[in-house]
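Student: Here it is, the structure, as structure tokens.
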Amino acid sequence: MASKKHRNTTGHAPASETPAAKTSLRRFFGENSELHRRDKMAPAAQTRGSQPPSPAASDGSTEEQDIRSLLTQLPSKTDMAALFQKLEDSFSEKLQAVNADVQLLGDRVQALEEDAESAEKQWAESYATQETHTEAIRYLQRQLEDVDNRGRRNNLRVRGVPESAEGVPENPIQVLTALFNRILTRPLDTAILFDRAHRAARPRNLPPDKPRDIICRIHNFPLKEEIFHKARQNKDIKVDGHPVTVFQDIAPSTLQARRALRPITQALTEIHIKFRWSFPFALTVTLQNKTHTITSPDTSPNSREP
């Protein structure tokens, strides 16, 4: 007879099954782990009496020791608390540095805003002061212009009188005496008292063939006014066949201001509206029983009832 295979009657697992018993460590952390079951069965095994340890039990105890060794190497609550405290201190230190930078930036922004407000306030004050100074300068210019024009009240400017030939002496007083007496319809040799009389400087835009103006100062103001108004009424005044015009002598600044209003005076002339120049400078127009006055080229006209 063939010999029967020898059966293991000891009840223990063969040694070849030991590697299969060494599975993943996860089985020791489950609720139904073998370690948990082995702990529960330990008292029963002790009541049966001492038995020789099986290879499977030896392997389980070794794994248990490994697990316990690993667990002992894990950080404790104290270690975790110390780690968290260290992290908190590090974050707190960095946050304090960030807060300091933010505070510094905030202070700088606030300082810049205060400087901007101060600069804006100073600019507003400077602008108001400048406007005040500008108005004061304009007032002083008007006063100076008025003084200049008052010094010219006895002056007349005669335009169109031909100049004498080059090298021939000219006597403006003699020429003007005859001219003014002709305007006043008096004898040509009637004496007129002049304080002075001379040719004006030639303007740059005056053609060479045009004569320069003659500026004279008549000592008697009423006589000067009479000559001026008679010359305005008589449009056909000639000297040696050349047309002559008599103007009130005014300051250059006043003349420039009147030229600035030339478009207005030309428009008034085209629509046959009379206007007059007030002294020292003002353009006055009366329309529909209402008087309109311009006292500066930069201002709008003022209106008033007569």
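Student: Want the number for E125 to L287: 0.36 nm per residue separation, take away the alpha-carbon distance, what's left? Before the final figure, lay out the partial values.
Tutor: Working: separation 162, 0.36 × 162 = 58.32 nm, distance 4.24 nm.
Between E125 and L287, full extension yields 54.1 nm more.
Student: What does the extension gain come out to for R159 and A178, with contour length at 0.36 nm per residue minus their alpha carbon separation? Can you show the working numbers first?
Tutor: On the way: separation 19, 0.36 × 19 = 6.84 nm, distance 1.51 nm.
Gain on extension, R159 to A178, equals 5.3 nm.
Student: Hand me the trypsin sites (Lys or Arg not before Pro) from the range 118-203 located in a DSSP loop with no more than 15 other Cβ atoms within 10 Å, in residue order please. Could you put the intermediate results ahead of the total?
Tutor: Numbers: sites: K121, R138, R142, R150, R152, R153, R157, R159, R182, R196, R199; in loops: R152, R153.
When the trypsin sites (Lys or Arg not before Pro) of the range 118-203 are filtered for loop state and at most 15 Cβ neighbours within 10 Å, R153 remain.
Student: Suppose R0 equals 30 Å; then what is the FRET efficiency for H242 and Q143 from their Cβ-Cβ distance, rounded to the nearest 0.05? Can you show the working numbers first?
Tutor: Working: r = 39 Å, r/R0 = 1.29.
Result of the calculation: an efficiency of 0.20.
Student: Here's something else I'd like to know. Size of the dipole of the range 83-151 about the Cα centre, Lys and Arg at +1 and Asp and Glu at -1 on the beta carbon, nothing else charged, in debye to 20? Provide the component values of the computation, followed by the final result.
Tutor: Values: 7 positive and 16 negative charges, 21 e Å.
Computed about the Cα centre, the dipole is about 100 debye.
Student: Please list the non-local residues whose amide H lies under 5 Å from the amide H of V239, H modeled 1.01 Å from N, same-chain partners needing a gap of 5 or more.
Tutor: Under 5 Å from the amide H of V239: V244.
Readers should treat all values here as calculations from the given coordinates under stated rules, not as data from a laboratory. Given the structure is predicted, the values throughout are model-derived calculations rather than measurements. Positions of Cβ are backbone-derived with ideal geometry, glycine not excepted, and every protein chain shown enters the neighbour counts.
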